[in-house]
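To start, the structure itself, in structure tokens.
Please treat every number below as a calculation from the coordinates, not as lab data. Quick caveat: nothing in here was measured; it's all calculated off a predicted structure. Glycine also receives a Cβ, built like all others from the backbone with ideal geometry; neighbour counts cover every protein chain displayed.
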Amino acid sequence: MKWLHFFTPAKSIDFNESQTYISQHSGEDITILDVRQPSEYKQSHIPGATLIPLPQLSDRLDELDPDKPTLVY
Amino acid sequence: MLAGKGFRKVLNVSGGIKAWNAKTAIGPQDLGMDLFNGKEAPLDILKVAYSLEQGLRDFYITMEKQASHKKVKDLFAKLSDIEVKHQMSIYVAYNDISTKDVSKDEFEKMVEQKALEGGLTTKEYLELFGTNLNAEADVISLAMSIEAQALDLYQRVSLNVENLESRQIINKIANEEKAHLASLGKLMDSL
């Protein structure tokens, strides 16, 4: 069995690029979305990140602004 | 999940928070090979869905063998069994909306052809994400990302399927994938 790429098109950026991206935008202009579990979020997270654990994401999309660039981890 | 729901610009941080913690850059992943542009015929969507379930099952069976933690092992065994049921429902849905009935063998051959076009083996897939098979949190996290993709796929598919019965089948599978995601989340919290 081989996997297909089941991923919706989303550009991937590496750590350095994401740091630059965050520093170039003010917090109000971008959404930093943390989709991990709350326990992981507590341990560490990117400052300003919104926590919506993956299991809840499909039901809570209305809390996010689709027009803002969204950085997901 | 976001890119398929009208979000204009979605940026995935490669390697997630691990990359931030370790401060090491993980090479860019070109995962823009979306199979679904929303214009596919429901029959084609079901073929891809079937192969997705096959992939999920394959993934869970591999993980079940690798896992040492009993709770994790049991969950993967349970999840792989459910994917078999999903495959059967998808096959039934296919015959339900297809103008001619196909046998399960014929259907699987069609699915296989489609899956081989741009596939990755489970091993390559795990390597792509830098998953440490001995780290349960890593494996569960990958399983969650796959289930989220499956959920997203089914939610989008259900909007395209006009046949009410098929739509109900897809919705039922979507809800089960959502429940899988929740179980994986709980498991992650319990580690």
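A Förster distance of 41 Å, applied to the separation of the beta-carbon atoms of residue B:77 and residue A:50, puts the FRET efficiency at 0.75. The fewest-to-most ranking of A:67, B:138 by surrounding Cβ atoms within 10 Å reads A:67, B:138. Taking 0.36 nm per residue of separation and subtracting the current Cα-Cα distance, fully stretching the chain between residue B:97 and residue B:5 would add 30.5 nm. If R0 is taken as 45 Å, the Cβ-Cβ distance between residue A:17 and residue B:68 corresponds to a FRET efficiency of 0.80. Remark: mean inter-chain Cβ contacts per residue of A:54-66 equal 5, using a 10 Å Cβ-Cβ cutoff to other protein chain atoms. Are any of the pairs B:9/B:47; A:68/B:186; B:5/B:178 more than 23 Å apart by Cα-Cα distance, and if so, which? Pairs exceeding 23 Å: B:9/B:47; A:68/B:186. Magnitude of the charge dipole for segment A:15-72, about its Cα centre and with charges confined to Cβ atoms of Lys, Arg (+1) and Asp, Glu (-1), is about 260 debye. Across chain A, the mean sequence separation of Cα contacts (distance under 8 Å, 6 or more residues apart), normalised by length, yields a relative contact order of 36 percent. What separates the Cα centres of segment B:56-93 and segment B:161-176 is a distance of 21 Å.
In terms of its C-alpha gyration tensor, chain A has a rounded overall shape, because the principal axis ratio a/c (a ≥ b ≥ c, square roots of the eigenvalues) stays below 1.5.
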